[in-house]
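The values are calculated or read from the model by the stated rules, or taken from the named source; none is laboratory data. In this text, all values refer to a predicted model and were calculated from it rather than measured experimentally. All Cβ positions, even for glycine, are placed from backbone atoms using ideal geometry, and neighbour counts span all protein chains on display. Just the protein is used for accessible areas: all its heavy atoms, side chains included, with ligands, DNA and RNA removed. Shrake-Rupley method; radii C 1.70, N 1.55, O 1.52, S 1.80 Å.
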Amino acid sequence: MQLFHSPEAQQINFSDERFYLAKDGTTYYPSVTEILSVYPKGYGFTDWLKQVGYNADIIVAKAGEVGSKLHDTFDAFIKGTEIVWDGNNYTIEEWKMICRFMDWWFKFKPEVYINEVSFCSEQLGFGGTIDLVCKINGQVWLIDFKSSNAIYTSYELQIAAYAKLWNEANPDYKIERTGILWLKALTRGEDKKGEKMQGHGWQMKEWERTYEDAFKLFRHTKAIWMEENPNYKPKNLTLPDRFINTLITK
């Protein structure tokens, strides 16, 4: 959830990040990642859950915190903020991933269209936040940043859905290629044939099928999610931000 504090209204508002508000200001649509929560991640992930047991939720939450931290860092960097390691603000593992991002950035010099921008479509029935749309070597790319230990099919469906959101809003600059910038890849350096975009510890993951074909699978997943959540609504919450004891007798 996102937190918004309003001292004037004396309220703390918690906004459910799993849903996006449409332009009419009243209708909510599920996020791409919320829809994909029903998509299976495969045997490897299931086996991992069995191994870690009750610690799974803690590990997943921690990974989510790291991912959010890195996204905030990349967003700040793209917008011109100098990124500095002072020994306390990042762990060594986080800084390694930041260095991998920078390796990719300065080698391929993307021309940025947008980064960390949210879209919501009434026609498509979902919303999402796109990490980066840019031009590299004359082609329009949609790129998502991942710091996970593995790459899942759901990631392919995620960026396919993002591409559809972008194309609907920007028909004159349609996405030509999509990729996951994976910052925990096992790659040891550049591709010797020069066919893949990769470096030490990072890789631009692409898929053989087009994002149009991948989106067909996303639509099936969305149908399952809608069937399981027919009366969905965000769990927004408003709480007071202060209390005073009025029961004191003077």
Could you tell me which of the residues Lys135, Lys107 is in a helix (DSSP H, G or I), surrounded by fewer than 22 Cβ atoms within 10 Å (Cβ to Cβ) and either modelled with pLDDT of 95 or more or of a type outside the set (S, T, N, Q) (or both)? Lys107
When Pro234 is evaluated against the numbered criteria (1) modelled with pLDDT under 95; (2) closer than 29 Å to Lys184 by Cβ, which criterion, by number, is the only one it fails? (2)
Residue within region 144-163 that is touching a Phe, Trp or Tyr at 6+ places or on another chain (Cβ under 6 Å), touching a residue at least 60 places away in the same chain (Cβ under 8 Å), open to solvent by 20 Å² or more (accessible area, probe 1.4 Å) and not in a helix (DSSP H, G or I) present: yes
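In the set Ile130, Ile136, which member is in contact with a helix residue (DSSP H, G or I) (Cβ under 8 Å, 6 or more places away or on another chain), without any contact (Cβ under 8 Å) to a residue 60 or more places away in the chain and farther than 30 Å from Lys23 by Cβ? Give the derivation first.
On the way: Ile130 fails: farther than 30 Å from Lys23 by Cβ.
Residue meeting the stated conditions: Ile136.
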State all residues of region 65-85 that are in contact with an Asp or Glu (Cβ under 7 Å, 6 or more places away or on another chain) and of a type in the set (Val, Ile, Thr); if no residue qualifies, say none. Val66
In the list Asp172, Asp213, which residue meets the criterion of being within 19 Å of Ile130 (Cα to Cα) and either without any contact (Cβ under 8 Å) to a residue 40 or more places away in the chain or not in a loop (DSSP other than H, G, I, E, B) (or both)? Asp172
